[in-house]
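The values are calculated or read from the model by the stated rules, or taken from the named source; none is laboratory data. Every value quoted in this text rests on a predicted model; they were computed, and no experiment measured them. Here the Cβ positions follow ideal geometry from the backbone for every residue, glycine too, while neighbour counts run over all protein chains shown. Accessible surface is based on the protein model in full, side chains and every heavy atom, while ligands, DNA and RNA are left aside. Shrake-Rupley method; radii C 1.70, N 1.55, O 1.52, S 1.80 Å.
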Amino acid sequence: MFLASLLQFSRKTFCLASSHCMPVSVTMPEAPVSERGCCSSSIIIDGENKALEFIEEVTSNADAVQKRVLGEILSRSASVEYLQRHGLNGQIDRQTFKNVVPVVTYEDLKPDIDRLANGDTSPILCSQPISEFLTSSGTSGGERKLMPTIEEELERRSLLYSLLMPVMSQFVPGLDKGKGMYFLFIKSEAKTPGGLVARPVLTSFYKSSHFSNRPYDPYTNYTSPNETVLCPDSYQSMYSQLLCGLYQNTEVLRVGAVFASGFIRAIKFLEKHWLLLCNDIRTGTLDHKITDPSVREAVMKILEPNPKLADFIEAECSKDSWRGIINRLWPNTKYIDVIVTGTMSQYIPTLDYYSNGLPLVCTMYASSECYFGLNLNPLCKPSEVAYTLMPIMCYYEFLPVNRKNGFTDSFAKPVSLEEKENQDLVDLVDVKLGQEYELVVTTYAGLYRYRVGDILRVVGFKNKAPQFKFVCRKNVVLSIDADKTDEDELQNAVKNAADHLLSFDASLTEYTSYADTSTIPGHYVLYWEISLSGRAAAIPPSVFEDCCLSVEEALNSVYRQGRVSDKSIGPLEIKIVESGTFDRLMDYALSQGASINQYKAPRCVKYAPIVELLNSRVVANYFSPKCPKWVPGHKQWCTSQN
């Protein structure tokens with residue numbers, strides 16, 4: 001009976017409030033009630049029990065749902081140019097689809113995406129009009145990837161959000177009795193030559209009516225007014241959101257941000273500005289640096305003089321230790337809602353310090369390409385987070401992978417994939433426990449057998465639907481915030497920078513890198529071992545500073561935006577190490593069981609003893625003297641408009 005009703009998705013609407021958070025790529029707050037049902041994601045869910053029943057139903061019938069999803073996508077897109085080009089000829093069965101449609105990467109689709117960006121409105125990838133482009137934090141040729149999307153995708157995401165609070169409420173009751181303090185921000189956007197907006201997925205959501213016109217619901221009650229979230233000035237946005245959160249401190253039941261790094265930045269901001277914030281609370285005024293009229297108006301509707309609260313905050317912030325500051329200032333907080341999977345796991349000790357070990361909750365797995373699944377055990381340890389992929393969101397396939405970590409996992413070698421030329425991909429219900437896969441998706445918005453680049457490990461099942469642990473992003477070696485730098489990109493950036501040494505008869509012998517999150521914001525560190533010829537002159541510090549800036553200029557636009565606009569990444573640092581350091585590193589690897597025949601100096605290190613070894617041999621260090629160049633949009637758009 002369920003499957004029959006599921007087949008009627010497109011004629012129904014869903015109605016339920018929801019919640020927030022996803023692992024590597026994006027996080028959003030609770031979605032509002034949908035006002036229209038225009039797509040297959042629309043379904044009536046009129047209570048928490050119904051939401052939980054829905055999860056049971058779709059996971060129990062995962063393969064049948066997947067078959068229906070693929071059939072619906074292909075029947076809609078039967079006439080699009082891309083599928084016609086590959087000879088699908090209107091067929092909607094799985095086997096024909098797999099036989100004729102290739103598995104692709106972004107580079108394969110880029111010519112078609114560029115046509116759309118340049119204004120071609122014909123049905124190239126999707127039968128429905130492309131409403132905008134979502135800019136992925138994954139990079140292509142040093143630029144953000146452009147993911148075409150359609151209007152109805154907001155409905156599909158809302159359906160997934162609607163399932164989050166029913167799940168969370170099983171573990172933490174009473175969340176409707178208070179507020180959530182979330183630090184949410186918009187980022188820069190651009191327009192393609194064809195006139196479509198290109199922006200991050202969260203910025204798209206926050207600027208949509210789904211966010212600004214959401215009806216009141218106790219589960220979507222935030223301390224931050226919409227105007228503070230939508231403020232384009234990062235300082236004013238952070239200050240006003242933090243002020244509102246402090247003023248309503250006893251009402252706060254949960255706190256969060258997109259990434260763990262972003263939440264820690266908010267705490268560091270508080271460390272720097274608490275005197276100003278206390279003054280505003282004490283006097284019921286708003287600091288003169290907050291000049292955005294809409295922000296001032298929204299905050300002043302909340303703020304009234306409260307000297308007693310100001311004294312309390314001042315007393316707590318004046319203490320020598322900030323251990324447990326979250327619990328002290330927001331005493332009713334039950335958990336922290338942030339991404340701590342993947343590269344964000346490096347921030348867990350800092351979060352534990354500030355919160356005295358409050359639960360760190362990751363609830364949703366999603367990306368710019370598509371939203372995928374839920375964590376059905378949200379209070380689990382961060383190391384045990386697993387996501388159940390919802391079979392209604394897209395059509396999933398899985399490419400089996402074998403990671404070769406070289407001599408030891410401790411050296412965090414990049415992922416390499418072993419695959420046959422035309423290897424058969426595995427369907428959702430056919431994955432094997434313990435096996436690792438690269439995620440491949442076919443979406444309603446026009447991606448067909450698209451390699452997302454996430455490596456997942458099967459750790460269990462919810463009925464017939466597998467549960468996956470996020471392992472890593474394919475080939476990414478460095479990440480501080482939303483940035484993702486892969487080995488090839490780093491190699492090219494370092495090679496270009498090292499050319500500055502040639503005029504001093506010096507050369508770069510070997511290097512490795514480290515994402516240093518001991519500072520806030522975190523920053524990239526490069527360890528360089530330099531070879532000097534017998535007649536080499538002393539190398540001025542300014543040359544190494546130029547090397548730092550040269551590396552930054554060569555990195556992708558997401559990194560540069562983090563440095564220039566978001567202030568989420570600190571200046572890059574080069575540490576010069578003694579001659580013979582990388583021989584010592586090899587000796588250490590061999591002592592840990594590495595094979596002399598397979599050893600290769602790691603391009604990124606994370607293991608504490610290795611970082612300590614490198615730091616013990618540092619003879620000098622230098623920082624980038626200024627920010628790299630960055631402007632919103634792709635380089636070619638900016639060039640064409642100048």
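Can you find even one residue in the range 260-283 that is of a type outside the set (Asp, Glu), part of a loop (DSSP other than H, G, I, E, B) and open to solvent by 20 Å² or more (accessible area, probe 1.4 Å)? Checking the range 260-283: not a single residue is of a type outside the set (Asp, Glu), part of a loop (DSSP other than H, G, I, E, B) and open to solvent by 20 Å² or more (accessible area, probe 1.4 Å). Taking the range 341-361 as the range and being assigned to a loop (DSSP other than H, G, I, E, B) and in contact with a strand residue (DSSP E or B) (Cβ under 6 Å, 6 or more places away or on another chain) as the test, the residues that pass are THR341, LEU358, PRO359. In the range 300-318, the residues that are without any contact (Cβ under 8 Å) to a residue 40 or more places away in the chain form Cβ pairs under 8 Å with partners that are assigned to a loop (DSSP other than H, G, I, E, B), at six or more places apart or across chains, as follows: MET300/LEU286; GLU304/GLY284; PRO305/GLY284. Count of the range 442-457 residues, restricted to those that are in contact (Cβ under 8 Å) with a residue 24 or more places away in the chain and more than 18 Å from the chain's Cα centre (by Cα), is 9.
Scanning the range 64-73 for residues that are open to solvent by less than 10 Å² (accessible area, probe 1.4 Å) and aliphatic (A, V, I, L, M) turns up VAL65, VAL69, LEU70, ILE73. Those helices (runs of 4 or more DSSP H) of the range 74-123 in which 3 or more residues are open to solvent by less than 50 Å² (accessible area, probe 1.4 Å) and farther than 17 Å from LEU196 by Cβ occupy 94-100. Just so you know, in the range 422-464 the residues that are open to solvent by less than 10 Å² (accessible area, probe 1.4 Å) and among the charged types (D, E, K, R) include one that is farthest from LEU146 (Cα to Cα), and it is GLU438. Can you pull out the residues in the range 336-379 that are among the β-branched types (Val, Ile, Thr) and either closer than 22 Å to TYR396 by Cα or open to solvent by less than 10 Å² (accessible area, probe 1.4 Å) (or both)? Hits for the range 336-379 are ILE336, VAL338, ILE339, VAL340, THR341, VAL361, THR363.
Can you tell me which residue is nearest to GLN170 (Cα to Cα) among those in the range 48-66 that are β-branched (Val, Ile, Thr) and out of contact with any Pro (no Cβ under 7 Å at 6 or more places or on another chain)?
First, pick out the residues of the range 48-66 that are β-branched (Val, Ile, Thr): 55, 58-59, 65.
Pick out the ones that are also out of contact with any Pro (no Cβ under 7 Å at 6 or more places or on another chain) and you get 55, 59.
Numbers: ILE55: 14, THR59: 18 Å.
Filtering the range 48-66 for residues that are β-branched (Val, Ile, Thr) and out of contact with any Pro (no Cβ under 7 Å at 6 or more places or on another chain), the one nearest to GLN170 (Cα to Cα) comes out as ILE55.
Taking the range 508-528 as the region of interest, how many residues are open to solvent by 50 Å² or more (accessible area, probe 1.4 Å) and more than 30 Å from PRO349 (Cβ to Cβ)?
Residues of the range 508-528 that are open to solvent by 50 Å² or more (accessible area, probe 1.4 Å), as a first pass: 509, 514, 518-520.
Among the residues that remain, those that are also more than 30 Å from PRO349 (Cβ to Cβ) are: 509.
Qualifying residue count, the range 508-528: 1.
If you go through the range 342-357 and keep only what is over 14 Å from ALA257 (Cβ atoms) and either among the small types (Gly, Ala, Ser) or in contact with a helix residue (DSSP H, G or I) (Cβ under 7 Å, 6 or more places away or on another chain) (or both), you end up with GLY342, SER345, ILE348, ASN356, GLY357.
When only residues in the range 187-212 that are more than 18 Å from LEU159 (Cα to Cα) and free of Cβ contacts under 8 Å to residues at least 60 places away in the same chain count, which is least open to solvent (accessible area, probe 1.4 Å)?
THR203
Only one residue in GLU369, GLU314, GLU384 is within 19 Å of the chain's Cα centre (by Cα) and over 28 Å from SER204 (Cβ atoms). Which one? Before the answer, list the steps.
Details: GLU369 fails: over 28 Å from SER204 (Cβ atoms); GLU314 fails: within 19 Å of the chain's Cα centre (by Cα).
Answer to the check: GLU384.
With respect to (1) under 32 Å from the mean Cα position of the chain (by Cα); (2) in contact (Cβ under 8 Å) with a residue 12 or more places away in the chain; (3) open to solvent by 10 Å² or more (accessible area, probe 1.4 Å), the lone exception for ARG296 is condition (2). Name the single residue, out of those in the range 213-228 being open to solvent by less than 30 Å² (accessible area, probe 1.4 Å) and in contact with a Pro (Cβ under 9 Å, 6 or more places away or on another chain), that is nearest to ILE336 (Cα to Cα). Once the filter is applied, the top-ranked residue is TYR222. Only a single item in (1) outside any helix (DSSP H, G or I); (2) modelled with pLDDT of 95 or more; (3) open to solvent by less than 10 Å² (accessible area, probe 1.4 Å) is not met by THR333, and it is number (3). Here is a check on your reading of the model: is LEU501 over 29 Å from the mean Cα position of the chain (by Cα) and open to solvent by 10 Å² or more (accessible area, probe 1.4 Å)? So LEU501 does not fit the description; no. Among the residues of the range 380-394, the one identified as open to solvent by 20 Å² or more (accessible area, probe 1.4 Å) and touching a strand residue (DSSP E or B) at 6+ places or on another chain (Cβ under 7 Å) is PRO382.
Screening ASP320, ASP311 for residues that are open to solvent by 60 Å² or more (accessible area, probe 1.4 Å) and modelled with pLDDT of 95 or more leaves exactly one candidate, ASP311.
One line per residue, one yes/no per condition, for (1) part of a strand (DSSP E or B); (2) touching a helix residue (DSSP H, G or I) at 6+ places or on another chain (Cβ under 6 Å):
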| residue | (1), (2) |
| --- | --- |
| GLY460 | yes, no |
| PHE468 | yes, no |
| VAL471 | yes, no |
| VAL477 | yes, yes |
| ILE480 | no, no |
| ASP483 | no, yes |
| LEU490 | no, no |
| ALA493 | no, yes |
| ALA497 | no, yes |
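Tell me, which helices (runs of 4 or more DSSP H) lie completely within the range 516-592 with 2 or more residues that are at pLDDT 90 or above? Quick ask: steps written out before the conclusion?
Working: elements: 541-554, 557-564, 581-591.
Because the criterion is at least 2 residues that are at pLDDT 90 or above, the helices (runs of 4 or more DSSP H) in the range 516-592 that meet it are 541-554, 557-564.
Counting just the residues of the range 231-246 that are in a helix (DSSP H, G or I) and open to solvent by 50 Å² or more (accessible area, probe 1.4 Å), which one comes out nearest to LEU286 (Cα to Cα)? It comes out as TYR235. Would you check if there is a residue in the range 402-420 being among the acidic types (Asp, Glu), within 30 Å of VAL605 (Cβ to Cβ) and modelled with pLDDT of 90 or more? Within the range 402-420 (the criterion being among the acidic types (Asp, Glu), within 30 Å of VAL605 (Cβ to Cβ) and modelled with pLDDT of 90 or more), the answer is no, since none of the residues qualifies. Scan the range 250-259 residue by residue and report those that are farther than 13 Å from CYS362 by Cβ, open to solvent by 10 Å² or more (accessible area, probe 1.4 Å) and of a type in the set (A, V, I, L, M). Hit for the range 250-259 is LEU253, nothing else.
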